[in-house]
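J.: Submitted below is the structure of interest, expressed as structure tokens.
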Amino acid sequence: KSKPAKQTQEENLNPVTSRMEKFAQVVGIFSLLTSFFLIVAIASFLINWFSGDADDVFSAMEMSRVLADKSVEANNLGGRLGAAVSNFFVKQGFGIGSLFIPIWLFVLGVRLTLKHKIIALGSSLGFMLMAMAWLSVTLGFMFRNTALSILGGISGYESSLFLEGLMGKM
């Protein structure tokens, strides 16, 4: 099919805009794929954690070894990379609050790819970062010495200990 004459003229007049739109679509598709990968990897990590098949070996490994060493097996649906990334975000990071990261990446991907505004990007990023931190600290406090402590992550656990020492158990 041939393009309409008006569209071809617009592309010829402003090739920078055309390239920027293509770049935005590529970044949007990458954001969408990354968000789906992270959601699957984090969900798989949590399911494996509670079933006893956690991939704890990935917390001590360097990322280059995770990617290169084929002898290391992962129980995560995201493979070795999914196990390492979800271990970093969930266990060593913000627990289930880390799910706000792929949610924001999804919003970004929809915005760039489909040019559909679900919510504002800037304010939603600030809200999601704040919610991630609060959820992590709250779950770290509530489930401190239980099997559910993974829900707050190490960040939530350490932050709740610091805040408890600073302000007491309020």
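J.: With every protein chain left in place and a probe of 1.4 Å, what is the accessible surface of GLU158, to the nearest 10 Å²?
T.: Near enough 100 Å² of accessible area.
J.: Evaluate E = 1/(1 + (r/R0)^6) for LYS117 and GLN92, where r is the Cβ-Cβ distance and R0 equals 30 Å; express this FRET efficiency to the nearest 0.05.
T.: That gives a FRET efficiency of 0.35.
J.: Only one of the values [x] 16.5; [y] 18.3; [z] 16.0 was calculated from this structure for Kirkwood radius over Cα pairs in Å; name its label.
T.: Computing Kirkwood radius over Cα pairs in Å and matching it to [x] 16.5; [y] 18.3; [z] 16.0 gives [y].
J.: Find the accessible area per residue for the chain; the probe is 1.4 Å, ligands and nucleic acids are left out, and the unit is Å².
T.: In whole numbers, the chain has 63 Å² accessible per residue.
J.: Also: When Lys and Arg each count +1 and Asp and Glu each count -1, what net charge do the other residues less than 14 Å away from THR113, Cβ to Cβ, add up to?
T.: It works out to a net charge of +3.
J.: Any chance you could run the full-extension gain for MET130 through LEU161? It's 0.36 nm times the residue separation minus the Cα-Cα distance, nm to one decimal.
T.: The span from MET130 to LEU161 would gain 9.3 nm if fully extended.
J.: Another question, if that's okay. Show me, for region 87-96, the HN-Hα J-couplings you get by feeding each phi into the Karplus relation (A = 6.51, B = -1.76, C = 1.60, θ = phi - 60°), rounded to Hz, glycine and proline as x.
T.: 4, 5, 6, 8, 6, 8, x, 10, x, 6
J.: For SER155, what is the net charge nearby, where nearby means another residue's Cβ is under 14 Å from its Cβ and Lys, Arg count +1, Asp, Glu -1?
T.: +1
J.: Where the accessible area of region 17-117 is counted over protein heavy atoms with a 1.4 Å probe, how much of it, in %, is carbon and sulfur?
T.: Heavy-atom surface of region 17-117 belonging to carbon and sulfur, 1.4 Å probe: 67 percent.
J.: Let me know the number of lysine pairs in the chain closer than 22 Å at the Cα, not counting same-chain pairs under 8 apart.
T.: Total qualifying Lys-Lys pairs in the chain comes to 7.
J.: Once fully extended, how much extra length lies between GLU62 and ASN145, figured as 0.36 nm per residue of separation less the alpha-carbon to alpha-carbon distance?
T.: 27.1 nm
J.: Next question, about the same structure. Which is the longest stretch in the chain that no exposed loop site breaks, taking sites as trypsin sites (Lys or Arg not before Pro) with a DSSP loop state and at most 15 other Cβ atoms within 10 Å?
T.: So the longest stretch without any such site is 2-69.
J.: Over the chain, with a Gaussian network built from C-alpha contacts below 10 Å, which listed residue (MET132, MET20, MET63) shows the highest mean-square fluctuation?
T.: MET20
The values are calculated or read from the model by the stated rules, or taken from the named source; none is laboratory data. Quantities reported herein were computed from a predicted structural model and do not represent experimental measurements. Quick reminder, even Gly has a Cβ in these numbers, built from the backbone with ideal geometry, and neighbours come from all protein chains shown. Accessible surface areas use protein heavy atoms only, side chains included; no ligands, DNA or RNA. Shrake-Rupley method; radii C 1.70, N 1.55, O 1.52, S 1.80 Å.
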